[in-house]
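Heads up, the thing below is written out as structure tokens.
The values are calculated or read from the model by the stated rules, or taken from the named source; none is laboratory data. These figures come from a predicted structure and were not determined experimentally. Every residue, glycine as well, gets a Cβ built from its backbone with ideal geometry; the counts of neighbours run over all protein chains shown.
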Amino acid sequence: MNAIESASLRLYWPAQRQRNRGAGGLLIVVAAFLALYAYLFPGLLSVGGVAKFAQSWLPLAMVSMAQAILMLAGGVSLAIGAMVSLGAVIAATTMAGPLGVAGGAALVMIAGLGVGAACGVIVVRLGLPAIVVTLAASFIVGGAALLILPRPGGTIPAWLSDLLAGDKPVAAWLVIAVVVFWKLYLATPLGLSLYAAGENPDAAYRAGVPVDAARILAYAVSGLLATCAGLFVAAKTGSGDPVIGEAFTLNSIAAAVLGGVGFLGGKGAMRGALAGSLLLSVMINVMYFLGFPPVAHYIAQGLIIIGAVALPEFSARRRAL
Amino acid sequence: MMKSSLSALSAACLGLFLGLLACVAMPSEAAAAAKCIKGDRKPPFTIGWADIYSVPTWMKETQGTIEKEVDELKKQGLVSKLVVTDAQGDANTQIQQIQSMIDSNVDAIILIAGSSTAPGRVIADACAKGIAVINFDSLVDTDEVTAKINTDSAQWGASAAKFLVDAIGGKGKILVLNGPAGISVSDDRRKGAEPVLKANPNVTILAETNTAYNVAPAQEAVTNLLFAHPDIDGILSLGGALSAGAVLAFDKQGRAQVPITGENARQFLELWKAKNLKAWATMQPNWLGAFATYAAVQALSGKDVPAFVKIPLPVIDNSNIDQYLAKAKDFPADGYIYSPYDQKLFDELLAQK
């Protein structure tokens with residue numbers, strides 16, 4: 001091992017520990033909820049059970065990653081939900097037509113990358129606030145989705161729905177595939193620059209990090225993840241709905257914040273956002289099986305979210321003392 | 001010439017034959033149990049109520065009728081438990097909650113769909129497992145349900161448009177107030193109004209709005225339009241509390257009220273009476289929820305239930321508005337004054353073909 005490698009290793013683990021701070025406590029909470037869910041519903045521990053649960057979780061996992069990338073890069077997106085709707089309606093209007101599944105999927109990806117990159121260019125190059133740009137984008141993209149499909153409809157070929165959202169745990173494999181994709185992205189020069197560009201763009205720029213390019217790419221990848229989540233939602237439901245994504249905007253922010261991803265850029269890790277989305281998703285099922293009435297759902301949801309954020313915070317303070 | 005008439009004759013014969021075949025097949029189908037029912041579920045039943053959004057008053061009142069019906073059926077030993085979920089307006093969450101209902105093996109699922117397409121596959125799964133699925137109010141497109149229960153949204157829109165066109169004498173400038181964009185009920189009512197509006201070219205649409213079915217957003221939208229349009233002859237309001245919002249907007253701006261359509265929202269009916277409006281309303285009865293519960297238990301008990309139960313739309317006008325307002329105090333101030341219901345009415349509705 002040469003000196004540079006050992007030096008980078010010496011830096012690697014403390015950096016990882018720093019990123020894990022906040023996620024550690026959350027992972028315990030998530031594990032506890034998963035265990036409780038499996039106890040209340042033993043059918044979870046079957047191939048079919050894992051398949052169905054992964055299908056519920058995957059779209060939220062993808063949009064949480066889409067949000068977390070931007071937050072790591074020092075941005076945020078209020079257009080995630082509209083992008084999911086756009087992906088869903090493009091898939092539902094093209095895949096059963098002459099373009100076929102491959103053509104439709106390509107269009108979904110192009111739309112995600114294109115709209116994401118456009119937002120990125122406006123935010124980064126024109127220096128406009130991300131929250132304003134993406135709010136405007138949410139209206140434009142949401143309107144475009146309604147133009148493509150004015151009311152719920154369209155079709156996804158049945159075989160694709162059965163493949164992605166049938167009794168086989170394909171969705172669970174897709175979660176793993178998306179994580180591998182994220183690791184590969186982080187290994188690219190621009191992916192590597194993401195944290196630096198988000199945490200301290202000025203210092204990163206002086207150190208020769210391609211800050212603008214890294215941030216624009218983050219917006220493009222975020223858009224790609226959001227429209228692909230839309231494609232999956234369309235496949236899961238067998239159809240398109242122009243407003244299906246609305247709830248994903250807030251839920252993606254909630255999942256990322258739960259996972260310890262900060263609003264100021266460069267703080268947190270993707271595994272935290274994934275764990276946050278898993279908690280939000282499993283919580284719905286656990287509360288159902290506990291037999292809570294809907295009003296209690298609202299209260300319990302709030303308490304769990306506060307608890308999941310507060311616990312790691314408290315334990316971190318105690319460690320610091 | 002000869003040949004074509006011969007083929008027409010043979011086609012007619014074939015048609016007749018197929019028709020007879022259908023007639024023969026029909027009764028045996030009707031005698032069988034309702035769709036999705038396998039006959040392996042025994043009372044008392046667990047009912048799952050997959051609510052899309054529990055907060056709006058209309059939904060709370062609907063849930064009230066469901067709970068009342070469940071209490072009634074519990075007394076008869078037919079129902080053991082009511083499980084309620086609230087998707088908080090998100091169709092994805094609703095799908096997840098319906099999946100949990102399937103996982104916990106409820107006997108029946110009644111639902112107001114958050115999307116006409118999205119829950120299609122999970123509902124078909126429930127149906128395949130022998131769970132009675134009764135869908136009311138906001139309907140799904142799939143036919144893999146035991147029964148769908150609703151009023152006719154297209155007729156709703158057409159009747160409202162007819163009243164308004166007549167009320168303004170067949171010509172004038174109107175506003176159209178719609179529910180949210182991309183929602184089937186809202187879209188269907190608007191589509192139903194379209195042919196009537198098309199047939200009356202002297203009626204001009206100044207502007208259309210899309211808002212949630214609540215007073216405040218409708219009032220705000222109409223207020224904005226009032227500044228832009230000095231002459232408005234009528235309001236085609238397609239439901240919920242939109243009409244009350246419009247009347248309040250006219251009132252606050254000191255504009256003379258114009259003919260308006262609407263629904264049985266208490267606030268609207270009270271404003272109508274107080275301001276002596278020229279108005280028309282109909283009703284999406286809250287007891288659709290109670291009726292869906294009743295129909296689910298009937299289907300599970302082996303009775304046949306029609307695949308679609310069309311609920312007649314009543315007309316509320318100056319001749320009978322007092323009957324509705326007489327009961328107003330029994331309903332929330334921002335609620336809907338629905339007509340009375342009982343088991344006899346439900347049995348009649350289920351018996352209609």
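A compact table of results
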{"quantity": "Filter result (within 13 Å of another protein chain (Cβ to nearest Cβ) and outside any loop (DSSP other than H, G, I, E, B)) within segment A:164-174", "calculated": "A:Leu164, A:Ala165, A:Ala171"}
{"quantity": "Wholly enclosed strands (runs of 3 or more DSSP E) of segment B:238-324 bearing at least 1 residues within 30 Å of B:Asn224 (Cβ to Cβ) and touching a strand residue (DSSP E or B) at 6+ places or on another chain (Cβ under 7 Å)", "calculated": "B:260-263, B:279-282"}
{"quantity": "Count of residues meeting criterion [touching a helix residue (DSSP H, G or I) at 6+ places or on another chain (Cβ under 9 Å), in a helix (DSSP H, G or I) and of a type in the set (D, E, K, R)] in segment B:50-66", "calculated": "1"}
{"quantity": "Residue check, B:Gly130 free of Cβ contacts under 8 Å to residues at least 12 places away in the same chain, of a type outside the set (A, V, I, L, M), away from chain A (no Cβ under 11 Å) and more than 19 Å from B:Arg189 (Cα to Cα)", "calculated": "no"}
{"quantity": "Some residue of segment A:74-82 being in a helix (DSSP H, G or I) and in contact with a Pro (Cβ under 7 Å, 6 or more places away or on another chain)", "calculated": "no"}
{"quantity": "Residue list for segment A:247-277, filter: within 13 Å of chain B (Cβ to nearest Cβ) and either buried (at least 22 other Cβ atoms within 10 Å of the Cβ) or over 28 Å from B:Ala50 (Cα atoms) (or both)", "calculated": "A:Phe248, A:Thr249, A:Asn251, A:Ser252, A:Ser277"}
{"quantity": "Flag for B:Asp137 being in contact with a strand residue (DSSP E or B) (Cβ under 7 Å, 6 or more places away or on another chain), away from every other protein chain (no Cβ under 14 Å) and at pLDDT below 95", "calculated": "yes"}
{"quantity": "Sole exception among (1) more than 10 Å from chain B (Cβ to nearest Cβ); (2) more than 18 Å from A:Ala66 (Cβ to Cβ) for A:Leu135, by number", "calculated": "(2)"}
{"quantity": "Search result, residues across segment B:166-210 that are under 30 Å from B:Tyr53 (Cα atoms), more than 14 Å from every other protein chain (Cβ to nearest Cβ) and of a type outside the set (A, V, I, L, M, F, W, C)", "calculated": "B:Thr209"}
{"quantity": "Options B:Gln63, B:Gln88, B:Gln94: the member that is at positive phi and either in contact with a strand residue (DSSP E or B) (Cβ under 8 Å, 6 or more places away or on another chain) or buried (at least 19 other Cβ atoms within 10 Å of the Cβ) (or both)", "calculated": "B:Gln88"}
{"quantity": "Verdict on A:Ser85 being within 12 Å of another protein chain (Cβ to nearest Cβ) and under 22 Å from A:Ala247 (Cα atoms)", "calculated": "yes"}
{"quantity": "Single unsatisfied condition, A:Ala61 versus (1) touching a residue at least 12 places away in the same chain (Cβ under 8 Å); (2) within 10 Å of chain B (Cβ to nearest Cβ)", "calculated": "(2)"}
{"quantity": "Positions within segment A:191-245 being outside any helix (DSSP H, G or I), under 30 Å from A:Gly97 (Cα atoms) and out of contact with any Ser or Thr (no Cβ under 8 Å at 6 or more places or on another chain), in sequence order", "calculated": "none"}
{"quantity": "Residue, nearest to the other protein chains (Cβ to nearest Cβ), within segment B:118-127, restricted to residues that are buried (at least 24 other Cβ atoms within 10 Å of the Cβ) and touching a strand residue (DSSP E or B) at 6+ places or on another chain (Cβ under 6 Å)", "calculated": "B:Ile123"}
{"quantity": "Residues being more than 7 Å from chain B (Cβ to nearest Cβ), of a type outside the set (Ser, Thr, Tyr) and under 16 Å from A:Trp57 (Cα atoms) - total across segment A:278-300", "calculated": "7"}
{"quantity": "Sole residue being away from every other protein chain (no Cβ under 13 Å), within 16 Å of the chain's Cα centre (by Cα) and over 26 Å from A:Ala158 (Cβ atoms), chosen from B:Glu61, B:Glu72", "calculated": "B:Glu61"}
{"quantity": "Count of residues meeting criterion [within 24 Å of the chain's Cα centre (by Cα) and in a helix (DSSP H, G or I)] in segment A:144-163", "calculated": "7"}
{"quantity": "Output for segment A:197-233, where each listed residue is among the hydroxyl-bearing types (Ser, Thr, Tyr) and more than 30 Å from A:Ala165 (Cβ to Cβ)", "calculated": "A:Tyr205"}
{"quantity": "Lone qualifier among B:Ser153, B:Ser80, B:Ser115 - being of a type in the set (Ser, Thr, Tyr), farther than 24 Å from B:Val185 by Cβ and within 14 Å of chain A (Cβ to nearest Cβ)", "calculated": "B:Ser80"}
{"quantity": "Residues of segment A:188-212 classified as in contact with a helix residue (DSSP H, G or I) (Cβ under 7 Å, 6 or more places away or on another chain) and under 20 Å from A:Met65 (Cβ atoms), total", "calculated": "9"}
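Matching residues to (1) in contact (Cβ under 8 Å) with a residue 12 or more places away in the chain; (2) hydrophobic (A, V, I, L, M, F, W, C); (3) over 16 Å from B:Ala241 (Cβ atoms):
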residue	(1), (2), (3)
B:Gly302	yes, no, yes
B:Ala307	yes, yes, yes
B:Ile311	yes, yes, yes
B:Val315	yes, yes, yes
B:Ser319	no, no, yes
B:Lys327	no, no, yes
B:Pro332	yes, no, no
B:Gly335	yes, no, no
B:Ser339	yes, no, yes
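Every residue, every condition in (1) under 30 Å from B:Asp143 (Cα atoms); (2) in contact with a Lys or Arg (Cβ under 7 Å, 6 or more places away or on another chain); (3) surrounded by fewer than 23 Cβ atoms within 10 Å (Cβ to Cβ), yes or no:
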| position | (1), (2), (3) |
| --- | --- |
| B:Gln257 | no, yes, yes |
| B:Lys329 | no, no, yes |
| B:Gly335 | no, yes, yes |
| B:Gln352 | yes, no, yes |
